[in-house]
């Protein structure tokens, strides 16, 4: 199966200035990843990022980012449940999210923020370990 990253877009954005912060670095308050499979497009799937970030100047950024992928075959249940969805696909899309956040905040007059790199394999392994311990 061939997979292609089509595009990424921000589906929701809210920035609020809540006051100054005594931290020298940004702080990720929430980071979640979900997948979606639109029924009307059987060869398309989405990776959805939800991010809440506090900048060093105290601004709170709430952002939802949607990455769209397309395959050359219809997506089946095996693929939907594969590691590729929650490890490889986010790893492909995340650099675009990082670049967007950095450019948005810089161009908006806020502190320059570069999101940290993420180990999606470790995040997946931890979520599996959490499921196994339930």
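Values in this text are rule-based calculations from the coordinates and carry no lab data. Bear in mind the structure is a predicted one, so any value in this text is a computation, not a measurement. Cβ atoms come from the backbone with ideal geometry, glycine included; neighbour counts cover every protein chain shown.
Sorted fewest first by neighbouring Cβ atoms within 10 angstrom, 2, 9 come out as 2, 9.
Going by neighbour counts of Cβ atoms within 10 Å, the residues 134, 50, 74 line up, fewest first, as 134, 74, 50. For Rg and Dmax of the Cα atoms in Å, the value computed from the atomic coordinates appears in the list (1) 14.8, 42; (2) 16.5, 51; (3) 23.4, 84 under label (2).
A protection proxy built from the mean count of other Cβ atoms within 10 Å ranks the segments 87-98, 30-41, 103-114, most packed first, as 87-98, 103-114, 30-41.
Computed per residue of the chain from DSSP H runs no shorter than four, each worth -39500 (n - 2.57), the mean residue ellipticity at 222 nm is -8500 deg cm²/dmol.
For the chain, the relative contact order works out to 26 percent when only alpha carbon pairs closer than 8 Å and six or more residues apart are counted. Between the Cα long axis of helix 89-107 and the first principal axis of the chain there is an angle of about 20°, rounded to the nearest 10. Taking the 0 to 90 degree range and rounding to the nearest ten, how far is the long axis of helix 120-133 tilted relative to the main principal axis of the chain, both from C-alpha atoms? Roughly 70 degrees, rounded to the nearest 10.
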